[in-house]
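Structure record follows, encoded as structure tokens.
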Amino acid sequence: MLKESISRRTFIKGSVSLSALLGLGAAGTKATKGLIPKAAAKTNGKVEQFYNACPRNCYDTCSILTTVEDGRITFITGNEKNTYTKGRLCVKGNTYPRVVYSPDRIKYPMRQKGRGSGNWERISWDEAYTIIAKKILEIKKEYGSTLPICLNKYSGNFNILNYATEGMLSSIGYTTRAQGTPCDPAGSDAQGFDMGVAYNNDPEQFLDADYIILWGANPSWTSAHSMYFIEQAKEKGTKLVVIDPLITQTASKADEYIQVKASTDGALALGMIRYIIDNQLYDKVWVSQNSIGFKEFSSYVKKNITLEWAAEKTGVPKPVIERIAREYATAKPANIWIGFGMQRHVNGGAMVRAIDALAAITGNIGKKGGGVNYIGGETWGFNYHTMSFGAPEGSGGEKDRFVNMNNFGAQVLAANEPPIKMMWIACRNPLAQDPEPAVVKKAFDQMDLVVTADLYMNQTVEYSDIVLPVTTPFESAGINVSYWHYWMNVNEQAIKPLYETKSDLEIAMGLSKKLNQLELGSCTFPVSGDPLEWVEKELNDDIKELFGVKSWDDLRKNGGTAKANESITVAWQDLKFRTPSGKYEFYSKKAVEYGHHPLPVFTEEYKAPKEYPIRCMSPHWKFGIHSQFQHQDWLMAIQDHPFLEIHPDLAKKKSIKDGNMVKIINETGYMTLPAKITKMVPADTVVMYEGWWKGVNYTENFTVKALQEDMGEYQKGQRGIAFHDNFVNIEKA
Ligand SMILES: Nc1nc2c(c(=O)[nH]1)N[C@H]1C(S)=C(S)[C@@H](COP(=O)(O)OP(=O)(O)OC[C@H]3O[C@@H](n4cnc5c(=O)[nH]c(N)nc54)[C@H](O)[C@@H]3O)O[C@H]1N2
Ligand SMILES: Nc1nc2c(c(=O)[nH]1)N[C@H]1C(S)=C(S)[C@@H](COP(=O)(O)OP(=O)(O)OC[C@H]3O[C@@H](n4cnc5c(=O)[nH]c(N)nc54)[C@H](O)[C@@H]3O)O[C@H]1N2
Ligand SMILES: [Mo]
């Protein structure tokens, strides 16, 4: 019936095959995703099609085809032109129509009487802007600068135009910024020391690999589109090895699964390296031509690393280490994907350096289909025009001040001269996603004004004074690239903004207007402008050449998506590393500069305190991205509450049965949630997935201490959090 009704209509935008519209892939499967059948059934016949881009903090950054009937989104699917998205969306992506039309959307600007009271009142945009602008000017007057104003913005929406929020704050003067990233800091520093910067091969090259190791990555959940290439590679005979303490969905697809003890991967990599060196399986030509410090490194390995020790340390039997080492060293090319999850440990950076070294000694770096793939930023060379306006004359201060985003609460409280008095929070939910949320809350208590811009009521919005309702990607234009694949995706405005929502860019312009009304010249950010003009200003000649497009509109007309040319899709193909020596650095003076050992040496893991002997890991969840998606009705219908995974042996020891409420506790906090007994987790570890908020009054971070990773300052300005080195005790509640 749907097929009939759609085929009768005309498309006034873009051109797309009926099969793409119906979500039929090449194989002609699945026709029901992302569909709202009721709305599709009653239309007056005006059907339009738009290109959208999923802007979430996700490897996959999909190109979306959106069908709009009579001004309402009725169907979405993946864009087939994008060979990475491949005409398919993930489970979360398919719920986008529900995200847009959810009754839970924040619809109007609101003010809360009493932070956390729930006593919200609707106000107009003008009132909201006035309250905020007055406070900004008052702070500037009282403290002589805008440094008491702190921005915490990160991961909710990576549309390039969304940097308008950073730009608007820069346009009022110097401010305090939450700096860093929770995602990848330790690993990015490690790759920075070894190669100059983190830079990954095009993931579509999994197809060219002879051997793939997924090392602490769970793409079946966190990068679903990558799995297509990995599974295709498997079908043609490539061996897939998964190394993870948890038997993940990805592990279930592996030819070989290796259950490493958490945080001991450095020992595993170094053990493999010892075997490879002893057996002369390393690539002597590559090493001598392209690296420095191999001599020092190999003598460290020979002196300090044995296979027996590595086996003992990691829990991986010696014959397995030997076999994997031989297979990896002799496959050409062999591909490693290091997940972000793997490095969320106190020795995360050191572990990544050891794994990098394994790829380097076997000459797998700079090869199509090979690589030691972690993250990349080669396609992000936009103008960032939204951030180009700068502080107004006489706004006080000399430069921005930084606090660590990953230890936000404590660092806000510690900031002095001047103290922080106002917060602007966008694309973030620190009261849920940060460690020690109680400390974050304390920092909020010190504020005169907390402003959040969001789509939904999350824990942070609930504890703010003013909330500004923002648009979904379907209601505002922009452009997106990925930190993993090599595509650029157009995001068109497909529907009018619902209710009174505005994009972060419009909010920036609106606030600038109000500031300038109250005090002319107090904000340098433009007060008006068409998003499409803004987006054109992001494109420079290099970007246009890289993607072979002349303009945003050109990209739109050409199918909404374009891939970077092949000059950059094989990382380090020219073997010109961006290190001080220009070579791969087994021996890194830069590492020493940042207080680390120059070589990729073994660094001890964090040990469980006596009272809290159980490791509690909180990896990323299949049906959500942090605060996003999981609370949507379709996904709540699949799983409507968080749970704690416990191994049967541990459960037995603690007399806990499946479904029992369990109290999980340590010195940081506690929470109570239902047990799910499963052999997928080790007996000394419990797991709860991160990012839940609907219907619960706790977050996974209630017991997570702000324990730092070993690295992060070099590439990201700040260290990250060792989320997986969290230790607890559990008891039946
Ligand atoms: N569905 C979904 N997709 C997402 C996200 C999401 O929340 N949900 N988040 C996005 C973001 S922001 C990020 S940063 C990425 C994260 O992407 P991933 O790195 O793939 O995800 P994580 O769940 O953080 O961790 C991956 C794996 O690391 C394992 N791990 C933890 N410690 C160790 C260790 O010591 N050794 C080894 N070998 N493995 C270990 C965990 O058990 C887990 O299976 O995903 C992105 N994609
Ligand atoms: N225990 C534990 N904690 C973790 C992690 C872990 O592995 N374990 N992982 C960490 C990692 S890797 C990450 S990346 C962080 C993520 O933490 P956050 O950066 O807080 O991520 P999100 O919850 O995805 O996004 C925050 C908010 O952005 C909003 N948003 C979406 N679109 C827009 C928009 O266009 N404008 C505005 N203003 N807001 C928008 C969403 O509704 C959401 O409420 O969590 C970290 N926390
Ligand atoms: Mo992340």
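Some notes on this structure:
- Using alpha-carbon coordinates, inclination of helix 265-278 to the longest axis of the chain, degrees: 40 degrees
- Taking 0.36 nm per residue of separation and subtracting the Cα-Cα distance, full extension of the segment from D542 to D448 would add 29.4 nm.
- Computed over the stretch 567-697, the quotient of the alpha carbon radius of gyration and 2.2 N^0.38 Å is 1.53.
- Listed residues S464, L214, S263: farthest to the positive end of the dipole of the chain (Cβ charges): L214
- Helix-only [θ]222 nm of the chain, DSSP H runs n ≥ 4, -39500 (n - 2.57) each, per residue, nearest 500: -8000 deg cm²/dmol
- Per residue, the Cα convex hull of the stretch 297-449 amounts to 212 Å³.
- Dipole size of the chain about its Cα centre, with +1 on Lys/Arg Cβ and -1 on Asp/Glu Cβ: approximately 1340 debye, rounded to the nearest 20.
- The alpha-carbon positions of the chain define a convex hull whose volume is 155 Å³ per residue.
- Pairs exceeding 32 Å between alpha-carbon atoms, taken from K496/K537; K92/K140; K368/K590; K46/K622; K107/K550: K92/K140; K46/K622; K107/K550.
- Reachable lysines from K367, criterion Cα separation under 22 angstrom, eight or more residues apart if same chain: K234, K236, K239, K284, K332, K563, K576, K583
- Relative to the dominant Cα principal axis of the chain, helix 318-330 is inclined by about 70°.
- Per-pair calculated FRET efficiency, R0 = 22 Å: N697 and S102 via Cβ, rounded to 0.05: 0.55
- Ranked packing of 629-636, 343-350, 685-692, most packed first, by mean Cβ within 10 Å: 343-350, 685-692, 629-636
- Highest average packing first - 364-370, 99-105, Cβ atoms within 10 Å: 364-370, 99-105
- Distance from the stretch 203-252 to the stretch 467-524 (C-alpha centre basis), Å: 36 Å
- Crossing angle, helix 504-518 versus the chain [Cα axis fit, 0-90 degrees, rounded to tens]: 50 degrees
- For the listed peptides 163-169, 534-540, 210-216, a ranking on the average number of other beta carbons within 10 Å per residue, highest first, reads 210-216, 163-169, 534-540.
- Separation in nanometres of the label points that stand 7 Å from Cα toward Cβ, at D684 and L498: 4.8 nm
- Relative contact order (percent, whole number), the chain, Cα cutoff 8 Å, 6+ residue spacing: 20 percent
Bear in mind that the values in this text are calculations on the coordinates, not laboratory data. Everything numeric here is computed off the predicted structure, so don't read it as measured data. Cβ: placed from backbone, ideal geometry, glycine included. Neighbour counts: every protein chain shown.
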